[in-house]
1. Can you tell me the orientation of helix 106-115 relative to the chain, as the angle in degrees between its alpha-carbon axis and the longest Cα principal axis, to the nearest 10?
2. For Val63, which sequence-distant residues (separation of 5 or more, or a different chain) have an amide H within less than 5 Å of its own amide H, given hydrogens modelled in the peptide plane?
3. At 0.36 nm per residue, and after removing the present C-alpha to C-alpha distance, how many nm does the segment from Arg135 to Leu43 gain when stretched out fully?
4. Can you give me the % of accessible surface on the chain that is carbon or sulfur? Probe 1.4 Å, all protein chains present, nothing else counted.
5. Per residue, how much accessible surface does the chain expose to a 1.4 Å probe? Answer in Å², no decimals.
6. Hey, can you grab everything whose amide H is under 5 Å from the amide H of Val123? Only 5+ residues off in sequence or another chain; H modelled, so Pro and N-termini drop out.
7. Can you run phi through the Karplus equation (6.51, -1.76, 1.60; θ = phi - 60°) for region 90-105 and list ³J(HN,Hα) in whole Hz, with x for Gly and Pro?
8. Do the sum for the chain: with -39,500 (n - 2.57) for every DSSP H run of n ≥ 4, divided by all residues, what is the mean residue ellipticity at 222 nm, to the nearest 500 deg cm²/dmol?
Amino acid sequence: MKIKDLEFKKFITAAKINEKIKELGAQLNEDYQQKKPLLLPILNGSFIFAADLIRELKVDCRVSFVKHASYQGTQSSGQLNTLIGLNESLFNQDIIIIEDIMDTGLTLSKVINEFGTLGVKSVEIVTLVRKAPARAHAVQPKYIGFDIDDEFVLGYGLDYDGYGRNLKDIYKALLPETTK
Ligand code: IMP
């Protein structure tokens with residue numbers, strides 16, 4: 001399959017994704033049974049994953065979609081500078097960040113550092129995909145769907161230059177070895 005200039009091949013099927021989401025949902029139901037977590041899916045990439053994962057949850061929970069700010073905010077403490085769209089207070093909340101893919105881990109570590117200053121009760125990350133470079137990072141998700149090599153992937157919410165989010169399966173790019 002070709003998207004823009006790149007050739008992609010099927011990598012993780014929709015059936016495998018569904019199975020994994022049921023497992024992740026079961027783990028979250030177990031770990032949060034006495035809690036009322038506030039779920040923060042990070043747009044755009046996690047919208048499909050979040051929609052499927054949230055429907056597996058049986059615990060009382062709320063959902064607030066957030067997005068990375070494209071600029072460095074200048075607000076004073078008490079507000080998130082790296083994420084926008086949050087209307088709820090995070091104080092004393094059990095937060096679950098829902099991410100599509102963790103690559104270097106830099107994006108998530110910025111977000112996590114900010115949570116430290118906001119008086120949250122707990123914060124955990126669930127990521128559908130963790131790439132090899134992320135495994136060396138200090139910030140780690142407690143819940144991981146798929147661990148993959150350093151591949152470029154798309155589908156199931158993940159995009160290549162805006163395209164491919166609508167695909168039901170996850171595909172990987174066929175890159176020449178030298179550019180991987
Ligand atoms: P990090 O800060 O390097 O962990 O970057 C993570 C972000 O980069 C993700 O939320 C995605 O938006 C994007 N990203 C990284 N790898 C891929 C990929 O293989 N396909 C699509 N988007 C990716």
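1. The two axes meet at around 10 degrees.
2. Answer set, sorted by chain and number: Leu39.
3. Extending this stretch completely gives an extra 30.9 nm.
4. Ligands and nucleic acids excluded, carbon and sulfur reach 49 percent.
5. It amounts to 53 Å² per residue over the chain.
6. Long-range HN contacts for Val123: Ile95.
7. Calculated HN-Hα couplings, in order: 8, 4, 6, 9, 8, 9, 10, 7, 10, 10, 7, 8, 10, 9, 7, x Hz.
8. That calculation yields -6000 deg cm²/dmol at 222 nm.
The values are calculated or read from the model by the stated rules, or taken from the named source; none is laboratory data. Just so we're clear, the structure is a prediction, and the values are computed from it rather than from any experiment. Heads up: the accessible areas ignore ligands, DNA and RNA and are worked out on the full protein's heavy atoms, side chains in. Shrake-Rupley method; radii C 1.70, N 1.55, O 1.52, S 1.80 Å.
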